[in-house]
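The values are calculated or read from the model by the stated rules, or taken from the named source; none is laboratory data. None of these values were measured; they are calculated from a predicted model. Neighbour counts run over all protein chains shown; Cβ positions are idealised from the backbone, glycine included. Side chains included, ligands, DNA and RNA excluded: accessible areas come from the protein's heavy atoms. Shrake-Rupley method; radii C 1.70, N 1.55, O 1.52, S 1.80 Å.
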Amino acid sequence: MKLTTFVHYSAITNIRHMKIALIGYGKMGKMIEQIAISRGHEIVSIIDIDNQEEFESEAFASADVAIEFTSPTAAYGNYLKAFAKNVKVVSGSTGWMTEHGEEVRRLCTEGGQTLFWASNFSIGVAIFSAVNRYLARIMDRFPQYDVEMVETHHVHKLDAPSGTAITLAEELVENIGRKNRWVKGTLLAPDGTVSGDTSCGADEVAVSSIRRDEVPGIHTITYDSDADSITITHDAHSRKGFALGAVLAAEYTAEHSGLLTTSDLFQF
């Protein structure tokens, strides 16, 4: 099985030592640092909002890979700064693709740069995504079931729906012939106010969002009919799974080039 191939890869202990730069040093950046060091890698540069000049340092330029977790407004500029030093980038930042996606794709396909981008690096989410695609292909044959999604994240998350929810929704649209697009549903804000609604066309998938507490991430997809419902859920217990996946992606990116995604790393 392809899943077995990945499990074997993730268990490899003789991994090439890497020099890693961190762009963004919040909770995720600190956890990535811990996991990278535990796997025998070296953190040569740490860049946060207050030391942007570090992009011009020899230490940053020496990195095999930069791992970037920042904000939708900062991500694209960070990619350009890293590419200017020919440093490969692994990024989990979302919200930038609509405006800058085509240019980043061109830089990686024609410009010789490398970006491994994913809306979510969790191994569990990669498995959940594979299940989502498989179930969607089955449900394509049963039009009596309609489908919707709800994602829940911590109150600090700026974008809604989450990048992971958008990726999952796009998978639904790709695999269910009667669905042509996803649309925003409701947003339950941290203060308890609700905006938007879940009403949508028969060819649309509503994606609703909840922002509460310090939830790392919950994604629930429900197929509902008059007779019954089918629900699949991924519930992250902590950021550790995301951080480990980002380091695994960096190990993969160090040996590969171009525009890379989780489908290259998690092959099942």
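Scan the stretch 226-267 for residues that are assigned to a helix (DSSP H, G or I) and in contact with a strand residue (DSSP E or B) (Cβ under 6 Å, 6 or more places away or on another chain) and the total you get is 4. Criterion applied to 124, 112 was being under 22 Å from residue 262 (Cα atoms) and in a loop (DSSP other than H, G, I, E, B), and the one residue passing it is 112.
Looking across the stretch 20-42 at every residue that is modelled with pLDDT of 95 or more and of a type in the set (Lys, Arg), the one that is least open to solvent (accessible area, probe 1.4 Å) is identified as 39.
Of the residues 175, 180, 132, the single one that is touching an Asp or Glu at 6+ places or on another chain (Cβ under 7 Å), modelled with pLDDT of 95 or more, of a type outside the set (A, V, I, L, M) and surrounded by 18 or more Cβ atoms within 10 Å (Cβ to Cβ) is 132.
Could you grab me the full set of residues in the stretch 135-166 that are hydrophobic (A, V, I, L, M, F, W, C) and either farther than 21 Å from residue 68 by Cβ or surrounded by 19 or more Cβ atoms within 10 Å (Cβ to Cβ) (or both)? I'd like the intermediate steps shown before the answer.
Narrowing the stretch 135-166 to residues hydrophobic (A, V, I, L, M, F, W, C): 135-136, 138-139, 142, 147, 149-150, 155, 158, 160, 165-166.
Once the filter is applied, which keeps residues that are hydrophobic (A, V, I, L, M, F, W, C) and either farther than 21 Å from residue 68 by Cβ or surrounded by 19 or more Cβ atoms within 10 Å (Cβ to Cβ) (or both), the stretch 135-166 yields 135, 136, 138, 139, 142, 147, 149, 150, 155, 160, 165, 166.
Is it true that residue 145 is farther than 19 Å from residue 253 by Cβ, in contact with a helix residue (DSSP H, G or I) (Cβ under 6 Å, 6 or more places away or on another chain) and modelled with pLDDT of 95 or more? Yes. Of all residues in the stretch 107-129, those being at positive phi and open to solvent by 70 Å² or more (accessible area, probe 1.4 Å) number 0. On the given criteria, is residue 223 over 24 Å from residue 72 (Cα atoms), in a helix (DSSP H, G or I) and either of a type in the set (Phe, Trp, Tyr) or modelled with pLDDT under 95 (or both)? So residue 223 does not fit the description; no.
Out of the residues in the stretch 213-258 meeting the condition of being among the hydroxyl-bearing types (Ser, Thr, Tyr) and out of contact with any Ser or Thr (no Cβ under 7 Å at 6 or more places or on another chain), tell me which one is least open to solvent (accessible area, probe 1.4 Å).
Taking the stretch 213-258 and keeping what is among the hydroxyl-bearing types (Ser, Thr, Tyr), we get 220, 222-223, 225, 229, 231, 233, 238, 252-253, 257.
Those still in the list that are out of contact with any Ser or Thr (no Cβ under 7 Å at 6 or more places or on another chain) too: 225, 238, 252.
Numbers: 225: 18, 238: 55, 252: 36 Å².
Restricting to residues being among the hydroxyl-bearing types (Ser, Thr, Tyr) and out of contact with any Ser or Thr (no Cβ under 7 Å at 6 or more places or on another chain), the top hit is 225.
Listed residues 45, 91; which is modelled with pLDDT of 95 or more and within 30 Å of residue 130 (Cα to Cα)? It would help to see each step written out before you state the result.
Values: 45 fails: within 30 Å of residue 130 (Cα to Cα).
Going through 45, 91 in turn, the sole match is 91.
For the stretch 50-101, a tally of residues being touching a helix residue (DSSP H, G or I) at 6+ places or on another chain (Cβ under 9 Å), open to solvent by less than 50 Å² (accessible area, probe 1.4 Å), closer than 24 Å to residue 217 by Cβ and among the small types (Gly, Ala, Ser) returns 5.
Being in a helix (DSSP H, G or I) and aliphatic (A, V, I, L, M) is the filter here, so list the residues in the stretch 160-207 that pass it. Give the derivation first.
Restricting attention to the stretch 160-207, the residues satisfying the condition of being in a helix (DSSP H, G or I) are 163-175.
Of everything in the stretch 160-207, those that are in a helix (DSSP H, G or I) and aliphatic (A, V, I, L, M) turn out to be 165, 166, 168, 169, 172, 173.
A Cβ distance below 7 Å, combined with a sequence gap of six or more or placement on separate chains, defines the contacts here; from the stretch 105-121, residues that are under 17 Å from residue 255 (Cα atoms) reach residues that are among the basic types (Lys, Arg) in the pairs 114/88. Would you confirm whether any residue within the stretch 231-250 is of a type in the set (Ser, Thr, Tyr) and free of Cβ contacts under 8 Å to residues at least 12 places away in the same chain? Checking the stretch 231-250: at least one residue is of a type in the set (Ser, Thr, Tyr) and free of Cβ contacts under 8 Å to residues at least 12 places away in the same chain.
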